[in-house]
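To keep things clear, I will list the structure first and then write my remarks on it.
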């Protein structure tokens, strides 16, 4: 993993800051959605109110082949993980979101087209709060790089992955294993 830059098509693109370190309180952020012509804003605190872990992935746009593959892979792996937990009589609570630099309307379309059930799509377009506070914005374009985080129910950053090459996906299995460890789930391979 490279701090301060990510490679895209052979070029090093600078990020606005360093990524946050594991083991620290997760930096606050706000992300947005549009439903029924109303903009809703969600904060990190909103996701942690039910005392459950948060898994979130970031990417520039949902409408790229790598992002489509990553989002649908995450959706399916979470579906399998939840099914294994149910089969093992393990009650698990988890919030999973994908945050992009897209307008929320784009995310609504994608979510409808792919019938997402386990992942919620949200936008960092309006104030770039998440990208700024986590050092995830490309310096010149101000769009999100690709990453994946797990924040425990107390708000501590416990897993992080940002591929050094933007066209690579984060390790989804490692993120789900981090959730499984937090929740005491064994044999969580998806």
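So how many residues does the range 153-173 have that are under 13 Å from the mean Cα position of the chain (by Cα) and farther than 16 Å from residue 4 by Cβ?
Adding up the residues that qualify gives 7.
Restricting attention to the range 68-85, does a residue exist that is assigned to a loop (DSSP other than H, G, I, E, B) and more than 15 Å from the chain's Cα centre (by Cα)?
Within the range 68-85, none of the residues are assigned to a loop (DSSP other than H, G, I, E, B) and more than 15 Å from the chain's Cα centre (by Cα).
Pick from 58, 95, 73: which is more than 24 Å from residue 30 (Cα to Cα) and touching a helix residue (DSSP H, G or I) at 6+ places or on another chain (Cβ under 8 Å)?
Testing whether each residue is more than 24 Å from residue 30 (Cα to Cα) and touching a helix residue (DSSP H, G or I) at 6+ places or on another chain (Cβ under 8 Å) leaves just 73.
Scan the range 172-189 and tell me whether some residue there is at pLDDT 95 or above and in a loop (DSSP other than H, G, I, E, B).
no
Looking at (1) surrounded by 15 or more Cβ atoms within 10 Å (Cβ to Cβ); (2) under 22 Å from residue 174 (Cβ atoms); (3) touching a residue at least 40 places away in the same chain (Cβ under 8 Å), can you tell me which one residue 82 breaks?
All conditions are met except number (3).
Could you grab me the full set of residues in the range 94-133 that are under 12 Å from residue 63 (Cβ atoms) and part of a strand (DSSP E or B)?
Those that are under 12 Å from residue 63 (Cβ atoms) and part of a strand (DSSP E or B): 100, 121.
Here is a check on your reading of the model: is residue 45 more than 18 Å from the chain's Cα centre (by Cα), loosely packed, with under 14 Cβ neighbours inside 10 Å, more than 17 Å from residue 169 (Cα to Cα) and at pLDDT 90 or above?
no
Which of the residues that make up the range 17-65 are free of Cβ contacts under 8 Å to residues at least 12 places away in the same chain and in contact with a strand residue (DSSP E or B) (Cβ under 7 Å, 6 or more places away or on another chain)?
40, 41
Looking only at the range 123-143, decide whether some residue is touching a residue at least 60 places away in the same chain (Cβ under 8 Å), on the phi > 0 side of the Ramachandran plot, in contact with a strand residue (DSSP E or B) (Cβ under 9 Å, 6 or more places away or on another chain) and surrounded by 18 or more Cβ atoms within 10 Å (Cβ to Cβ).
Checking the range 123-143: at least one residue is touching a residue at least 60 places away in the same chain (Cβ under 8 Å), on the phi > 0 side of the Ramachandran plot, in contact with a strand residue (DSSP E or B) (Cβ under 9 Å, 6 or more places away or on another chain) and surrounded by 18 or more Cβ atoms within 10 Å (Cβ to Cβ).
The values are calculated or read from the model by the stated rules, or taken from the named source; none is laboratory data. What you are looking at is a predicted structure, and each value in this text was computed from that prediction instead of being measured. So basically every Cβ, Gly included, is an ideal-geometry build from the backbone, and we count neighbours across all protein chains shown.
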